[in-house]
Amino acid sequence: MTLKLTRATIVVTALLALMQVLAAGEQQHLTILHTNDIHASFTPHEAFWVKSSPKPLVGGMVELSWAVDSLRKIKPGVLLIDAGDMMTGNPVTEYQYQGAYGGALFEMMNRVGYDLWCPGNHDLDISQANLRSLTSIAHFPTLSANLVNEAGGVPANNKPYMIIEKNGVRVGVIGLTTTILNQLIIPANFKGMKVLPVAETAQKYIDELKGRVDVIIAVTHQGVEDDSLLALNVHGLDMIIGGHSHTRLRHPKRVNNIPIVQTGSNCENLGIVDLTIEDKRIVKYDGNLLQLWYTSDRPATKFSAFIDSIRTAIDKDYSETLATIPADLKNTVTESALGNFITDAQREAAKADIAFMNTHGIRKNVTAGTFSKRDLFEVLPFRNVIVTFTVTGAQIRTVVQNFLDEHPAIQTSGIRCTWKRSSAGKAEILSLMVNGTPVVDTKTYTAAANDYLVSEAARYLGITVATPAYTKLTLYKVVEQKMRHDKTITSAYDERIAEAK
């Protein structure tokens, strides 16, 4: 009897070992589709990089939906992920849907069939309450492991991670948000929140997921450089799906043997990554971008009808022409023709001596032709209000010196400066004037800027603002009023802070 049992045990053990060998050699396949930084671009727009005229149209949620549906029909297992910044960039975010501003965008995501998303900084542009309302509309989880409130809870209905199974592959996905979130939104929208260290938080949940899943992915909103640092500072992570930096990675970037992907922005591309998994590790991957070119002859669907109804409402409300633009107005990091016009509008509306504008708050260049309310919204999509504050002449000198030394991305109005480079390589102010009069260090001047810039004055201006006065004027409104008044916009680059020749 003992001999028979031993033989049976040997046979069973051998069979189990053979099954394990066969299972270990069995490959599984998973396709990850991903987007990021859509910025409310739910309709097609001109492909600005194409030199031909008229330029072709690209993007939009209808094209995205067609691409996703087509790939789902031919791929064995598909996971659709978004890496944040669905909001801000189109007037759709000013319309309420199911109790949330921009809620229609999340209904669109529901209909496209997203599996999960990680919120970005612009998803908090309106308020924390609005973000929570958006996540309530979503039929998919919101992931961010390091975005917490002061009590350690979740401020945006977010979960640290989720486990999802596709085509027999168990995938653990961890959400991660940029640690400089507080610098990217106004203080009121960050109040009560904090962001935990990215790598430390990621490693905590990687360790928790290890052994429970086949693949561990981080979906992040922090930019490709910080994604690279994350890859260098964790172990056990298989892939990073990123957003925030608007980086158009045609193929995955490999750091510490971890592929990093990102699609650019504005719904122009769909990222596609095909994974081959064996013995709980990725043995092969292939990633690329699918350009979402607009096709005019798509058959009408319930989804396209929903899109059209929203677009029609926006066109009705925002189609009015504000001004004529004879020549393109481009935005650059320091002084630009467009930046000059916007800062001049703020200074005039606030009856201030000087004004400032953060360059990255200007979201789009202006092309020659008629200019509508919708065009202006796409240039200035944020709900910023104008703030006035007092500065001394000495502080203005500090601001200009900070500009010359640190090169912050700001535009100015009312200030004229000439400077030279010393033999030691330092920028030296030669002359400094406010509205044509030399600056007096002891004199008090009135300045104007938007509320976001004022909250980050130490970073942008090199000074702090002690007693800001919040007006009822919005940045959008003061620029709209100036456009209506001027009718033809001929602003130009005029070397407001210029190196002596």
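The values are calculated or read from the model by the stated rules, or taken from the named source; none is laboratory data. Computed from a prediction, not measured in an experiment: that's the story for all the values here. Positions of Cβ are generated from backbone atoms using ideal geometry, with glycine treated the same way; all protein chains shown enter the neighbour counts.
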ask   = If you check T442, T418, T464, which single one turns out to be touching a strand residue (DSSP E or B) at 6+ places or on another chain (Cβ under 7 Å), part of a loop (DSSP other than H, G, I, E, B) and more than 13 Å from D344 (Cα to Cα)?
value = T442
request  = Taking the residues in region 208-230 that are among the acidic types (D, E) and free of Cβ contacts under 8 Å to residues at least 60 places away in the same chain as candidates, determine which candidate is surrounded by the most Cβ atoms within 10 Å (Cβ to Cβ).
outcome  = D227
Filter result for T398 (free of Cβ contacts under 8 Å to residues at least 60 places away in the same chain, within 14 Å of I463 (Cα to Cα) and either not small (G, A, S) or not assigned by TED's automatic domain parsing to the domain that holds P438 (or both)) = no
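Which residues, counting only those in region 310-330, are among the hydrophobic types (A, V, I, L, M, F, W, C) and not in a loop (DSSP other than H, G, I, E, B)?
If the condition is that a residue be among the hydrophobic types (A, V, I, L, M, F, W, C) and not in a loop (DSSP other than H, G, I, E, B), then I310, A313, I314, L322, A323, I325, L329 are the ones that fit.
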task = Just give me the residues in region 461-501 being closer than 22 Å to L322 by Cβ and of a type in the set (K, R), in sequence order.
result = K472, K477, K482, R484, K487
message = Within region 170-189, take every residue that is touching a strand residue (DSSP E or B) at 6+ places or on another chain (Cβ under 9 Å) and surrounded by fewer than 20 Cβ atoms within 10 Å (Cβ to Cβ) and give me the one that is farthest from H360 (Cα to Cα).
response = R170
request  = Identify, by number, the condition in (1) under 30 Å from D279 (Cα atoms); (2) modelled with pLDDT of 95 or more; (3) surrounded by 16 or more Cβ atoms within 10 Å (Cβ to Cβ) that R72 doesn't meet.
outcome  = (3)
query = Out of region 360-386, which residues are more than 20 Å from R311 (Cα to Cα), surrounded by fewer than 19 Cβ atoms within 10 Å (Cβ to Cβ) and among the polar types (S, T, N, Q)?
reply = N365, T367
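For every residue, the table says whether it meets (1) modelled with pLDDT of 95 or more; (2) farther than 30 Å from D69 by Cα; (3) outside the structural domain of W117 (by TED's automatic domain parsing).
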residue	(1), (2), (3)
K253	yes, no, no
P259	yes, no, no
S265	yes, no, no
E268	yes, no, no
G271	yes, no, no
L289	yes, no, no
A323	yes, yes, yes
L329	no, yes, yes
A345	yes, yes, yes
request  = Just need a number here: residues in region 297-309 that are part of a loop (DSSP other than H, G, I, E, B) and aliphatic (A, V, I, L, M).
outcome  = 1
message = So, V387, is that one touching a Lys or Arg at 6+ places or on another chain (Cβ under 6 Å), within 14 Å of G361 (Cβ to Cβ) and modelled with pLDDT of 95 or more or not?
response = no
message = Please count how many residues of region 331-374 are farther than 27 Å from I396 by Cβ and outside any helix (DSSP H, G or I).
response = 10
inquiry  = For region 251-296, give me each residue that is of a type in the set (D, E, K, R), part of a strand (DSSP E or B) and more than 20 Å from V169 (Cβ to Cβ).
reply    = K253, R254
In region 127-158, the residues that are within 18 Å of G243 (Cβ to Cβ) and in a strand (DSSP E or B) = T142, L143, L147, N158
